[in-house]
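Peer 1: Below you'll find the structure I mean.
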Amino acid sequence: MSLSCQHAARLLRSATSQSFRRYTTAAASATRTQQQRQQGIQQRRWQSTEAAPAEAAASTNPKIAGIVDQISTLTLLETADLVSTLKSRLNIPDMPVGGFAAAGPAQAAAAPAEEPEEAAPKQEEKTLFTLKLDSFDTAAKPKIIKEIKNMLGLSLVDSKKFVESAPKVMKEGVPKEEAEKIIETLKGLGGVVKME
């Protein structure tokens, strides 16, 4: 029995080593073919990038190529001077960063037309105001709470909190005549309202 067990162990070892050799040979072969593919791709990339400058140089105007060569030798300060000189000579307006990408041609053309309007802004008369409860007499607190409740449509509790948190904005976008009436009403009750 021990002879047959030894024989079986040898056969198993032999089969295992043969399959391992086959596996490692196949893996090495696959690795080699993958490396060859990558080298081929890299060579094609290098060839394509080497050919591009030669083709570009052949199609570029020699006058432009000379200008580009001269500009590439400038320092940063000289380049900034060049840009400002070109802008003034060619009458190019200053654009915010990303201005050409964000603004279409119609908006870029409309920008110079807006400058004269900004140069002479008109003083428009303010028609809508913001009312702010600034302060009040402590003796007049109940009357002011009642008036705020009626004026703003708040509950009694909310009106009390509102008055106690003065100075606080009461209303926004109020016409001048209505704002003056509200100021006079609250002034008669002992409150100070500011119109902004």
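Peer 1: Working with all protein chains in place, sort Ser159, Ser88, Ser14 by solvent-accessible area computed with a 1.4 Å probe, largest first.
Peer 2: Working: Ser159 0, Ser88 90, Ser14 50 Å².
So, going from the largest accessible area down, we get Ser88, Ser14, Ser159.
Peer 1: Tell me, what is the 1.4 Å probe accessible area of Met195, in Å² to the nearest 10?
Peer 2: Spelled out: Met195, probe radius 1.4 Å, area about 70 Å².
Peer 1: Taking amide H positions as placed in the peptide plane 1.01 Å from N, state which residues far from Val193 in sequence (5 or more) or on other chains have amide H under 5 Å from it.
Peer 2: Answer set, sorted by chain and number: Asp134.
Peer 1: For labels at Gln6 and Asp134 in the simple 7 Å Cα→Cβ model, what's the distance in nm?
Peer 2: Taking the two extended label points, one gets 11.5 nm.
Peer 1: Which order do the peptides 75-83, 174-182 come out in when sorted by mean C-beta neighbours inside 10 angstrom, highest first?
Peer 2: Details: 75-83: 10.3, 174-182: 14.1.
Output ranking for 75-83, 174-182: 174-182, 75-83.
Peer 1: Which lysines have a Cα less than 27 Å from the Cα of Lys149, not counting those fewer than 8 places away in the same chain?
Peer 2: Lys132, Lys141, Lys160, Lys161, Lys168, Lys171, Lys176, Lys181, Lys187, Lys194
The values are calculated or read from the model by the stated rules, or taken from the named source; none is laboratory data. What you see is a predicted model; the values in this text were computed from it and never measured. For neighbour counting, all protein chains shown are included, and Cβ atoms are generated from backbone atoms with ideal geometry for every residue, glycine included. Calculation scope for accessible area: heavy atoms of the full protein, side chains included, ligands and nucleic acids excluded. Shrake-Rupley method; radii C 1.70, N 1.55, O 1.52, S 1.80 Å.
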